[in-house]
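Colleague: Got a structure for you, written out below as structure tokens; questions coming shortly.
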Amino acid sequence: MKVITIGRIQDNDIVVNDVSVSYHHLQLVQNDNGNCSVVDLGSTNGTFVNGQRITGEVYLKPNDVVQIGSMQLPWQSYLNPKLKSKRIVWYIVTVVVMALLVVGVYFYVNYKNKKELEKLEKQEQIQTIKENELKEQYQQKLSEAVNYKKQAEDLYQQAIKTGDETYRKLADEKKRLSEQATTEANSLNNKIEQLQKQLTKAQTDKQLAEQKARDAEKAKIDAENRMRNAEIEKDNAESKRIIAENREKIASDKVKKDSIKIKELETLKDNRSKMLNNFLQMTANFNEEDYKAVCSELGYSTKNAKDVLVQKIIDTNITEIQGILNVVKKHNKEKENIKITGQT
């Protein structure tokens, strides 16, 4: 935790030489989480945040304006309200890194899925060709079985009509060939069914691979959007940082100007006080007529001449005060000369 005490006397961390500032005016606090606050220490003229007078502790945002007396306090240069901005930047960097990882994974998965899809498509084509070949063979065997069966039936009829055993033997052979062709056709049909199952599985695998590709594409788009948003947030954070730094610089410059102005006013006050003492010493032996003579020469009102001259020294600029003193000095010299001449 960081604590800075600000006030008018020397035991403060920061001394502000302004009569409107209390001896111990306020504290600036930054806790371990980087949060900043201002605490008014019961000051006479108050502490103001964004134009509102505060009591006790008030948490500050980076762009808040703190004012005490006649000056704006550059509290951002005393503390470090950028810690949150740093955390935001780290968060943005993390999002960008994660998005890049997602994009990398996408390309890897997409490449893998592409290869798998190519393999499945090739496998599907081969199985489709093989299925068509088996179906053609199946139809061929069915046709053979039907033809052999018809031939066998015709030969049996011939054997019955003629009583020739040769026809019967040929009919038995044709029947055997028909049954063999039927068995081969059934075997081919079983192979076709197995192939269709494999083809269905391959199509399902292909659909899953296509779904993975779509999911990967969606993940890539989401990652790209996050990257764009992170870049926008980064640019916004950088803009806010630049604005905050410019405001800090402006506030710091204003404090410097205010300090210079206060010193000038103090110097002017000291000079005016010295000039007033000189005036009182130089006019110690003045009577009402002397005051009127000085006012008359300066073009001032001669009514209550002494009060007029004193007020001028209090209110007017240094050059005019010096002019008043010169006329008083001249009048004293003339009085001295008259006195010397009278004695002679």
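The values are calculated or read from the model by the stated rules, or taken from the named source; none is laboratory data. Quick caveat, the model's predicted, so the values are computed rather than measured. FYI the Cβ positions are ideal-geometry reconstructions off the backbone, even for glycines, and counts take in every protein chain you see. Surface accessibility is based on the protein's heavy atoms, side chains included, excluding ligands, DNA and RNA. Shrake-Rupley method; radii C 1.70, N 1.55, O 1.52, S 1.80 Å.
Colleague: Within a Cβ distance under 11 Å of K2, other residues only, what is the Lys/Arg minus Asp/Glu net charge?
Modeller: Value of the local net charge: -2.
Colleague: So how do H24, H331 rank on accessible area, 1.4 Å probe, biggest first, that is with the largest at the start?
Modeller: Largest to smallest exposure gives the sequence H24, H331.
Colleague: With the chain treated as a Gaussian network of Cα nodes joined by springs under 10 Å, which of I250, I160, I313 yields the largest mean-square fluctuation?
Modeller: I160
Colleague: Which Cα, out of Q140, T128, F286, lies furthest along the positive dipole direction of the chain (beta carbon charges, K/R +1, D/E -1)?
Modeller: Towards the positive end, the residue furthest out is F286.
Colleague: Ignoring solvent entirely, what values of log10 I(q)/I(0) come out of the Debye formula for region 181-248 at 0.19 Å⁻¹ when each Cα is a single scatterer?
Modeller: -0.84
Colleague: Could you identify which residue out of S37, S20, S296 has the top mean-square fluctuation in a GNM of the chain using Cα springs shorter than 10 Å?
Modeller: Residue with maximal mean-square fluctuation among S37, S20, S296: S296.
Colleague: Charges only on Cβ, +1 for Lys and Arg, -1 for Asp and Glu: so what's the dipole of the chain about the Cα centre, in debye to the nearest 20?
Modeller: 300
Colleague: May I pose another question? Rounded to whole Å and sorted largest first, what semi-axes of the equivalent ellipsoid does the C-alpha gyration tensor of region 169-218 yield via the square root of 5 times each eigenvalue?
Modeller: 48, 5, 4
Colleague: Given the pairs K122/K212; K306/K333; K135/K169; K312/K333; K149/K197, which are separated by over 24 angstrom at their Cα positions?
Modeller: Beyond 24 Å: K135/K169; K149/K197.
Colleague: I would also like to ask the following. Net charge around K119, counting only other residues with Cβ within less than 15 Å of its Cβ (Lys, Arg = +1; Asp, Glu = -1)?
Modeller: Once all neighbours under 15 Å are counted, the net charge is +1.
Colleague: If I take every Cα pair under 8 Å that is 6 or more residues apart in the chain, average their sequence separation and divide by the length, what percent do I get for the relative contact order?
Modeller: It comes to 14 percent, rounded to a whole number.
Colleague: Between T94, V327, S37, whose Cα lies farthest towards the positive end of the dipole of the chain when Lys and Arg beta carbons carry +1 and Asp and Glu beta carbons carry -1, centred on the Cα centre?
Modeller: Farthest towards the positive end: V327.
Colleague: Something else: For the chain, with all protein chains present and a 1.4 Å probe, just round the carbon and sulfur fraction of the accessible area to a whole percent.
Modeller: Roughly 52 percent, rounded to a whole number.
Colleague: Among [x] 0.98; [y] 1.26; [z] 2.69, which is the computed Cα Rg over 2.2 N^0.38 Å?
Modeller: It is the one labelled [z].
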